[in-house]
Amino acid sequence: MIIDKASLTGPESFFVFNQAFNIAGGCGRTPATVKGREWRIEGIRLLLKGDNLLDLLHRQQDCLLEVVVNKELLPGLFADAFAHRMHVVAGLEDFQAGTLENCRVMDIDGIATIVSMGTNKCTWKSRVYTLPETTTISSAAWELATSRRTPDDSFRYSVKLYHSATAQSGTPLENELPLADQLPPGKLRRADGLNATDVRRLQIEFSADVLNDSYIHELHTRFEGEGHSKFMDASFGRPLLRAVNLLERVPSAYQFHSLNEIMVKCTSTTFLPASSPPTVFTGLLKLPARLTHSEVQNGSYEYIELRASNALSSCEAFLVGHEVIEAT
Amino acid sequence: MLSTTVYPLRTVVGDPVIPRDPEDTKYPEQYFDVRVIEESPICREIGMRYDYTISRTIHETVEPSGAFSYLDYLPVREDASGNDLNPGSGMGSLPVPPERPFADNAPVLSLFALSKSKVDQNMSRNLHVKLLIQWAHPELVGGVCFGGHPFLPYTIDDSGENAANFGLPREISLSPRQQNTADLLPTAGFLDADVVVTRQEICSHSGFHYLLTNPTRTNRIVLRLADFPWFFVKAEGGGANAVVAAPRRGGRYRFGYVMPYFYIFRYREGARYRPNVPFGLLGATTDKAPETDVPSPAGPAEPETSNLGDAARIELDIQAEDNSSYYSFTAASMVTQGRSFHVPHGDSSPIIGQSHQTYRESFISDLLPPKRSITLVLQQGEEYPRCIAGIRMLLPFWPEVNLAEDLEAAANALQALLPGADSSFVSNLPREQVEAGLRQAIRIPGNVDFCEKMRFVVYEIDPVEGISPLQVVADSKYAHVLADCNIDELHENFPNAVIRFRRPTLARYLGVTIVNTDEEPGQVVIPLMRFIQSAHVSIHSRAAVNQRVLAFKFRIVGPSLAEDYAVLGGREGFSFSVERIAAGQRKSQLLKVNSLLDLLHDGTARLFSNTRQRATEEQVGQIKNLDPDDNYEKRSGSTSSYAWRRSEAGRNSDARWQGRPEHAPEGDFEVYHNQETRTHSQFVVPHRSPPEPDSGDSVDGHWHSSASFINALYRMRHDTTASLVPLPPAENALYEGFREIWKGVRDSEIRVSGLKSVSASPYGWSYDEVEELVNAIARYAPNFDLNLAVLLPGAQLAQLIAGLPEHLRASFAIPYRTNYCLLNGLRIGLGIQPFGLGMNFSGNGLLLPSFQYQDTFGSQGVIVKQAGCTGYSYAQYLQDSCDESKTETYITAGKSRRIIRRAEVEGTDRDRLRGAEVMWQDKIVDIVTGTQPLDLAISAYSERRLQHTADEYIQIRISGGTMENLTFDFWFDVLEEAITDDY
């Protein structure tokens, strides 16, 4: 096995905008990593120039510098890891608080999972969750216990998001947003560009038509009650839903409106010249990140993007870290 | 994260709960009671019929005796001409599998179900049945073990489902039910006391399966069988070649199940450490991509058609020459026992006079074109996956080029089979003849064309959730190649081909791809394939699971573990080490244990041992009598016995010495003795009995007369009144005082009568006459004048006679007698001796008789010296005396003050007496158990990883000799995390 590790260096480690290393007024993005290559980023070395950088120590109206770390946060779902909040509906308590029909909640491989029972369509509908304030759901991803390599004729499923802008309980959720509609298991389990605004209350519905059963080997105790199949009366179907993740867009921690904010995140900062108003700033922006190849990257991939305002006369930056390669 | 435990050596399968009745008095039906307590409506709709049989031994399952036959599950086959072929002779049998988990004589429950209706729709997931199985006495149940029918034809659909699934339902739930009896009531009343264990699989293998439950004491279980397999009514091929054909009437499928082996076993922990690991076949596939038809949700998936109509079919099917029957040489037979087929043939019989040819089922592929392959997917068949190190198989073929090494290997094999045989002919035989001999030896059809060049690729399969292992191919990221080798030379593989893995594997599923690397088509023939366990224990990276090995645990159980701390395992001894191996190299040794002390000194192990003391010691006690009252003991007792005794000795005695050999007597029985005897004898005078009238017999009268006469002479001569001769006593001297001792002997029987001695001439008087005369003389002699004589002169006999009574005188009237008397000078006289008295009369001539009457009185002394030798002695007697050996001793008081010194006895230090505090499964043993924390991460090799090798594992290297009495078990606590690559 060939494994090698080398420091990131050369032009490839620089951010480039319009084939120039100065990205002021534009943005630079790292290229897509190929299979067998991984970038292990420790930070970004910045070289910022301006007429008088002391002026930029104050908060600016526009964003002075922004770093976007686009990662595959969930299988197939790429988003800025520092600019999103994730709402997770999962676990035994969430699942059992909802209504179950032709399914039950079981511990599969240590994870609470909704398992279909019998041969009829199984449905789980969560309870209604109320958020502290209205928010915007930008994307969603859900986890199924079954691999995407499962034959498409094994089952079909749908996921719906019901939401409302009102916080008053008991009122119906007037908005219905289908996240997945009769999807086969091989499709990516995500929904991008949702832009569900003013979400104060929400509810998730999952339903599936299971045509082929899967592996289950479990020791379980007897459950009898509403929503649960009776003791040994129904056949097991297939482990299905494990979690539904809803992504809310939030301001990024790497969106800087002042040089002062940049300095907080940097080490080894230097202003030049020291005697007169500084026109040059150098520093190492700490940014631990790992950029790897994804088998499902298609259009989107893992990258780091650096956006610089034209308030800066020049912005040069390069990545500090290592590149690891492995022969496949 | 799933916290789990990996048990590479652990077994929890005990004996079946129902052992064979040793008296064989029970009917099989008495062992179990099996009832159908519920079935799904669809089961009733299609007329599902159920049956079960109970066999006394597993050998009775070869052909079931119930309502169903194995033939009911085999399809009618349609040949190319459209003829219907039935399964041939032997196809309906099920040979006993060689790797069976229980004793042959354990009763076996067999479960059967088959729908009466033939249908075309997939009803499998709508079918279920609940069975209640009860037996007599509650047992600690650990689970059930069951096996299906390995020779059923099947298809594999796009979901990776094996249609017939070797006769097994895809979902099996087991619930040991609580008994509503008083002794089990403590668990009754809880809402969640019942536990169900469910196993649902996409496809099942052809071997034995285990469904484990927590140890539960019960005598009944509820078994729920669901998602039944389907069986073809009609097929266009057998075995894995099966393609469903539409029968002339009815549907194409029957649903049901066939489970010839079903055991309920006790929970009993142990460890298995033996080479062979049973495997079962999941399915056989070809390398050609299937021309998939998306199956309709309403019906069973259409089978692959690619393995038909193409030269690369999987299994060989033959049909009888009369086109009446077919026979399948299935792939499953190589991991179990193949059937025996009796194939009728025509005139081309190789054996004249036989109407059929007998074949033994082996895996025989259909003709495999060059560069084409067959893949066999197999699964481990024990309750926990074992570490597999390689494959050993019987792979008969004869290479086209006879290398010298090949010929030598063949000659050596022949020598092993037939020692002393001339094996030189091997090099001279034509290849065709050798192959014919091979075919005949393993009893396969004569037209099988062996494949001579093959490539074997063995890989482990770790499918992700929802994927059938039958869908994972060798170059998938969920497969990892363990061996890749070419087999084309005989000497390396004759008679057994061995494939050693690059590293051991704990994988539950293995794939074996066989590629025909020859330039010609050929048939792969594998009569036997066995998977060999690694001598060591290891845990490896998996394809689809990240693992964090938290700890390594061990348990060693043996009878003599704690005898010597310098070794591990007692007298048998072994050692082990825990090593971390990466990229084929030992990176670190985490633990090295050569002795029990190695385990104990760092606190990773605990020892549970029985106390021990030396069996032999020299013990010296010295009484310390400083005070008279220091040591004393008072006892009282009594002894009695009542016993027969018998003793025998002598040269001819059969007695054998029963004592210690060193005490045995030398030579034969011998007794020597000498003695000196001094005696004093008192003679008893004749007894005077009361005269009997007219008896004429008065011996005591003689004595009385003689005594009176002699006493008269004595008194006369010595002028005294004393008596020289004692008169007969009034009482019997032998009797008086001994009356009780004579015990039944009467007084008259032991009277002393004196001795009479008569000698007479044949011409003289008869004895009667003489006695009468003597009696007469004795009776009348006292009337003689004592002055007359001491002895009567013979001349005066006449005078005496004249004086006799008339009847006596008459006896002397016979002239010649008188004359004779005279001639002989008859004398009658009395005599006295030192200790006796007698009377005699005699004549000097030859004609007169001589009569002497003598008795003895007085006493005499004798000293006798003698010696003797006894050659044989036997005595048997009842000793009816106080000889009953019963001793009771009561120590009424005691006191002992001693100084004890103990010292070892050389050569006996290892002989020890052991206590019995620690027991394990009814045996007195020592136990060492412990935990070694590891906390090592082993990443999944299918996950995106860089700078992390997947070639990493932890190995427990075991080295030791024979360990028959030693049980050791190693296992790992592991956190598992399924990778999310494909989610």
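All of the numbers you see were taken from the coordinates with simple rules; none came from a lab. Given the structure is predicted, the values throughout are model-derived calculations rather than measurements. Using ideal geometry, Cβ is built from the backbone for each residue, glycine included, and neighbour counts are taken over all protein chains shown.
What the table shows:
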| read-out | value |
| --- | --- |
| Volume of the Cα convex hull of chain A, divided per residue and given in Å³ | 168 Å³ |
| Relative contact order of the range A:84-249, pairs being alpha-carbon contacts under 8 Å that are 6 or more residues apart, as % | 38 percent |
| Whole-percent pair-distance distribution, where bins are 10 Å wide, for the alpha carbons of the range A:252-328 | 13, 40, 28, 14, 5, 0 |
| Inter-chain Cβ neighbour average for residues B:197-209, partner chain, 10 Å | 3 |
| Cα-derived Rg to Rh of the range A:171-328, Kirkwood definition | 1.14 |
| Cβ crowding within 10 Å averaged over residues, with B:376-382, B:42-48 ranked highest first | B:376-382, B:42-48 |
| Within 10 Å of each Cβ in B:163-170, the average number of Cβ atoms from other chains | 1 |
| Along principal axes, Cα extents of the range A:84-249, largest first, whole Å | 44, 34, 26 |
| Entries of A:K5/B:K587; B:K553/B:K592; A:K71/A:K286; A:K125/A:K160; A:K35/B:K371 with Cα pairs more than 19 Å apart | A:K5/B:K587; A:K35/B:K371 |
| Peptides B:259-267, B:160-168 ordered by average Cβ neighbours within 10 Å, highest first | B:160-168, B:259-267 |
| Amide H contacts of B:R252 (H built 1.01 Å from N, under 5 Å, at least 5 apart or other chain) | B:V119, B:D120 |
| Shielding by partners - mean other protein chain Cβ count within 10 Å, residues of A:206-214 | 5 |
| Loop sites in the range B:534-620: trypsin sites (Lys or Arg not before Pro), DSSP, at most 16 other Cβ within 10 Å | B:R571 |
| Taking B:I863, B:I526 and counting other C-beta atoms within 10 Å, the order from fewest to most | B:I863, B:I526 |
| Per-selection Kirkwood Rh - the range A:120-161 (Cα, Å, 1 d.p.) | 13.7 Å |
| Cβ-based exposure ranking for B:D926, A:D192, in which fewest neighbours within 10 Å come first | A:D192, B:D926 |
